[in-house]
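Notes follow once the structure below has been shown.
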Amino acid sequence: MEFMLPESPLTTIESRLRYLLPSEMYVSMWGNPSVEVMIQVHNHLRTLQRILHDYTSRQIDITKLKPGDVKTEWQYGTMMFTDLAGFTKLMEANASKGREGAENLLKELTKYFSTMISIISKSGGELVEFTGDAMLVMFPKKTGKSDDASRAIRAGLRMQRAMKDFAEIQTPTGIVNLKMRIGVHSGKFLTAEIGTPRRMEHVLLGKDVQKAKLTESNGANERVNVSESGYDLAKNDFRFEDGNPEYHLVVDDLTAENLGDYEITPVGRRMASSVLFDKKDKKEVLNNIIELLNSIEPLASYIPDPILSMLVESAADRRIPPDFPEPTIMFVNFIGLPEAADRALPGEERKLAASFSKAFSLINAVVEARGGVLKKVTYHLSGSDIVIYFGVPNAHTNNEMRAASAAVAIREVVEGINAKAPTIGGIKPEVYCQIGINKGPAFVAEVGDPRGRREFNVLGDTVNTAARLMNRAQKNQIVVSEPIKRVVEEKYECVSLGAISLKGKKDAMNLYDMVRKIPKN
């Protein structure tokens, strides 16, 4: 007997709704839903649309985007990179209090991010992405003007002044001081939309992205540090003192009048305008649902499936509770293709992005097949970092083994990409990776502005340490910590690298080279 779908106005779009509705709502709409149920679906999708707009970069233009299409664009302006000092201590001070401590920590982080995002927005900046507790911000170059560096510096000074509200935070173990470093660099970078219709990613390529990060790391807490290119554009607007070689620290001796008013009025969400329609007419309600789906699907493709499912199920509450789990974190530095962006000849940018897109899609498939989450691709001092979670938001009993299996498979993917790497600017790049894996306590929450730009994130020393293990790795090497080695050594050969000192660690850590999977007898 042939199975027939029930007759329903929503039957034609059931496959599109399947992953965007909470379980109970999906069951209610199945069959022949009433107008009331269809209105519930519509209202849920409106809420989800707002959430996904806030979860994605404003640089993603959904009006021109078709999921799965590779797209590149050079952008010009000034980049700001921020880094927060003191978060690990703040997290550790609250971790012992469990859920109460998680709520307290989230409260402080929300206050911090909301304050900084508001200043960035009103100063004419665009928050491109979060990286843990750090932020990358873009101040676009305006047509006929070259004031982007000055706008970025003024924003940085406002942000540093606002940090006084975070100078003495009361915690269960005493007072914690948060401080921030800010780096400002002017130049250009290549944006690329890569991936498959199911999973897209917005990546930033080019040496100027790395220079923005270097400007921050060469700066100082409580100061705004500016590179030579930013200094050349803004040297007549501010007073500077020399910092590290090739960098300049801004002297904040400006009065409120000199600093000036905010540059712009914040722009609202990029959403379709609300349209009045007859809520008793099933056909009209269906048409509005389809319009919402057309807007939501491109944005949803930028969210990893487990995180999208969590957002869908929690949309009614519009809140994800914070927690202190113990996930396994993997960092993959993908080197070779990102650096080729600056030597790409006109027209070669898309060829470069297409190769990167294939690598990203294959790596994401490897991670998803093992129950992990490829959270994002972000900038690094060389190459691009790929951040991967095992254990959040979905918990497993063998996260370490899943991560080890994924790491070996990722290395094989990268070796295959290297063999077929395109020639860019007359040079065939050497493509390779560095991988670091660590596990331990972390803070998991929806961070950012609750009414604006935000994302689901995993923060803490465990994450930072995984990144440092990656930095210690050689070409196509997988470096793991002691907790990972103890779990995976029965199936994977782990060779000691000795006790190695890492930045931010008081004591040296025992590290291991996870060489290969041990063959079965």
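The values are calculated or read from the model by the stated rules, or taken from the named source; none is laboratory data. Remember, predicted model here, so these are calculated numbers, not experimental data. Note that each Cβ is placed from the backbone with ideal geometry, even for glycine, and that neighbours are counted across all protein chains shown.
Taking the listed residues V176, V203, V209, the one that is of a type outside the set (D, E) and farther than 30 Å from I296 by Cβ is V176, with no other qualifying. In the range 419-426 there is no residue that is buried (at least 17 other Cβ atoms within 10 Å of the Cβ), part of a helix (DSSP H, G or I) and not polar (S, T, N, Q).
Name the one entry in A365, A341, A359 that is surrounded by 21 or more Cβ atoms within 10 Å (Cβ to Cβ) and either among the polar types (S, T, N, Q) or in contact with a Lys or Arg (Cβ under 9 Å, 6 or more places away or on another chain) (or both).
Details: A365 fails: surrounded by 21 or more Cβ atoms within 10 Å (Cβ to Cβ); A359 fails: either among the polar types (S, T, N, Q) or in contact with a Lys or Arg (Cβ under 9 Å, 6 or more places away or on another chain) (or both).
Answer to the selection: A341.
Within the range 51-109, the set of residues being surrounded by fewer than 20 Cβ atoms within 10 Å (Cβ to Cβ) and among the hydroxyl-bearing types (S, T, Y) comprises S57, T63, Y76, T88, S96.
Results for (1) over 21 Å from the mean Cα position of the chain (by Cα); (2) within 19 Å of I175 (Cβ to Cβ), shown as yes or no for each residue.
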| position | (1), (2) |
| --- | --- |
| V70 | no, no |
| M79 | no, no |
| L84 | no, yes |
| K89 | yes, yes |
| N94 | yes, yes |
| L105 | no, yes |
| E108 | no, yes |
| I117 | no, no |
| V128 | no, no |
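Within the range 310-319, identify whether any single residue is out of contact with any Lys or Arg (no Cβ under 9 Å at 6 or more places or on another chain), part of a loop (DSSP other than H, G, I, E, B) and among the acidic types (D, E), and answer yes or no. Checking the range 310-319: at least one residue is out of contact with any Lys or Arg (no Cβ under 9 Å at 6 or more places or on another chain), part of a loop (DSSP other than H, G, I, E, B) and among the acidic types (D, E). Of the strands (runs of 3 or more DSSP E) contained entirely in the range 442-521, those carrying at least 1 residues that are of a type in the set (D, E) fall at 443-448, 454-459, 492-500, 509-517.
Looking at R158, R99, R154, which is the one that is assigned by TED's automatic domain parsing to the domain that holds V226 and either free of Cβ contacts under 8 Å to residues at least 60 places away in the same chain or closer than 17 Å to V444 by Cβ (or both)?
Details: R158 fails: either free of Cβ contacts under 8 Å to residues at least 60 places away in the same chain or closer than 17 Å to V444 by Cβ (or both); R154 fails: either free of Cβ contacts under 8 Å to residues at least 60 places away in the same chain or closer than 17 Å to V444 by Cβ (or both).
Going through R158, R99, R154 in turn, just one is assigned by TED's automatic domain parsing to the domain that holds V226 and either free of Cβ contacts under 8 Å to residues at least 60 places away in the same chain or closer than 17 Å to V444 by Cβ (or both): R99.
Enumerate the helices (runs of 4 or more DSSP H) found wholly within the range 188-269, keeping only those where 3 or more residues are modelled with pLDDT of 90 or more and touching a Phe, Trp or Tyr at 6+ places or on another chain (Cβ under 6 Å). Lay out the reasoning, then the answer.
Numbers: elements: 207-217, 228-234, 256-259.
Counting at least 3 such residues, we get 207-217.
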